Structure formats: structure tokens, C-alpha cells
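The values are calculated or read from the model by the stated rules, or taken from the named source; none is laboratory data. What you see is a predicted model, and the numbers here were worked out from it, not measured in a lab. FYI the Cβ positions are ideal-geometry reconstructions off the backbone, even for glycines, and counts take in every protein chain you see. Accessible surface is based on the protein model in full, side chains and every heavy atom, while ligands, DNA and RNA are left aside. Shrake-Rupley method; radii C 1.70, N 1.55, O 1.52, S 1.80 Å.
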Amino acid sequence: MSLVLIATIGYVGYSAFPQAVSVDSFQAFLPQALGMAVASTIFAFITKSNRQAKPYRSKSTYLNIISGIFFAFAALTYLISSRKDVNGLATGFTLSQMNVIIGTLGGIYILHESKTHKEMIMVISGLVLVVVAGIITAFI
């Protein structure tokens, strides 16, 4: 439970702290990246299953660096988008969540997930609703 509380505080801070101070997005990026790296390392060491699995000796740990690079780029674009003079926090956050479209379709097509015709219609319908909601939010 305490890890969830710490993660929640970190997630809220990830969006709110750069808005609370007057720093440029690029100035906020490095401290946030260092904070996430330190927090994830602490989580890895205090979680019992990770101590037994030796995460820093696993090939998958190093392969996940690729997804981390993509996340870093997405985080930087989010920080830029959520600035008050660009889109603002609410619109910037909403637009950043459009990655669910790429993630969902990528998960289906790249990972060769099998979906029935009805399931694909439901998935596409849901993604269309996400896009529509994002567009409406951007214009509010």
C-alpha cells in the first residue's frame, strides 16, 4: 500500500510541480528524469521478488531501455505541451494520452494479437471516442 501511495504522489507531482514553479520544460526534464530513475531503482531494491530475480543481471532489463527512451521523448513533449503558454495542463495532459491509440493498435498488430471482427469494431470505436474526447477537450 505504501508503494502505491508513493507512486501516486510521484505521478501527481510529475504533472503539478512543473506548473507550480516558473521553469522551462527543458529545465524540469532532467530533475524529473533523475527522480524517476532513483525512485525506480529504490523500488527495484525494496521489492522482494526483484531481489531474488536480480533485475540488473537480466537481459530484459536492458532491452526495456528502448521503451524508456521513447517514454523520455514522450515525457519531454508532454512537459512542453502542458506549459501555460502552449496548451496548459488539462489540455496538454489530455493530448498526451492520445498515445493510447498507438499503444493499442501497436499491441494488436505488432504483437499479432488475434481479435474477432466484433472485438476490432469495439476497439476502433473506443479509439474514435478517445480522439473525439481529445479534440473536444482541446477546443474547450
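When the accessible area of the chain is computed with all protein chains present and a 1.4 Å probe, what percentage of it is carbon and sulfur? Don't skip to the answer; put the middle values down first.
Details: 7550 of 10270 Å².
Carbon-and-sulfur percentage of accessible area, whole number: 73.
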Quick calc: nm separation of the 7 Å Cα→Cβ label points for Ser114 and Ile46 -> 4.3
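Given the DSSP H assignment, sum -39500 (n - 2.57) over each helix run of at least 4 residues in the chain and divide by its residue total; what's the result at 222 nm in deg cm²/dmol, nearest 500? Don't skip to the answer; put the middle values down first.
On the way: 8 runs with 111 residues, N = 140.
Calculated at 222 nm, the ellipticity per residue is -25500 deg cm²/dmol.
With every protein chain left in place, what is the accessible area per residue of the chain in square angstrom, probe 1.4 Å?
Numbers: 10270 Å² over 140 residues.
About 73 Å² of surface per residue is accessible.
Working out 0.36 nm times the residue gap between Ile66 and Val128, then minus their Cα-Cα distance, what length gain in nm do you get to one decimal?
Working: separation 62, 0.36 × 62 = 22.32 nm, distance 2.83 nm.
Stretched fully, the Ile66-Val128 segment lengthens by 19.5 nm.
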³J(HN,Hα) across region 112-119 via Karplus (A = 6.51, B = -1.76, C = 1.60, θ = phi - 60°), whole Hz, x for Gly/Pro? 6, 6, 8, 10, 6, 4, 5, 5
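Direction-averaged shadow area of the convex hull around the Cα atoms of the chain, nm²?
Numbers: hull surface 43.5 nm².
Mean projected area of the Cα convex hull: 10.9 nm².
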Given the options Gln27, Val38, His117, identify the residue whose Cα lies farthest towards the positive end of the charge dipole of the chain (+1 on Cβ of Lys, Arg; -1 on Cβ of Asp, Glu). Val38
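With only Lys, Arg, Asp and Glu charged, each at its Cβ (+1 for the first two, -1 for the last two), find how big the charge dipole of the chain is about the Cα centre; round to the nearest 20 debye. Kindly include the intermediate steps, with their values, before the conclusion.
Values: 9 positive and 4 negative charges, 113 e Å.
The calculation lands at about 540 debye.
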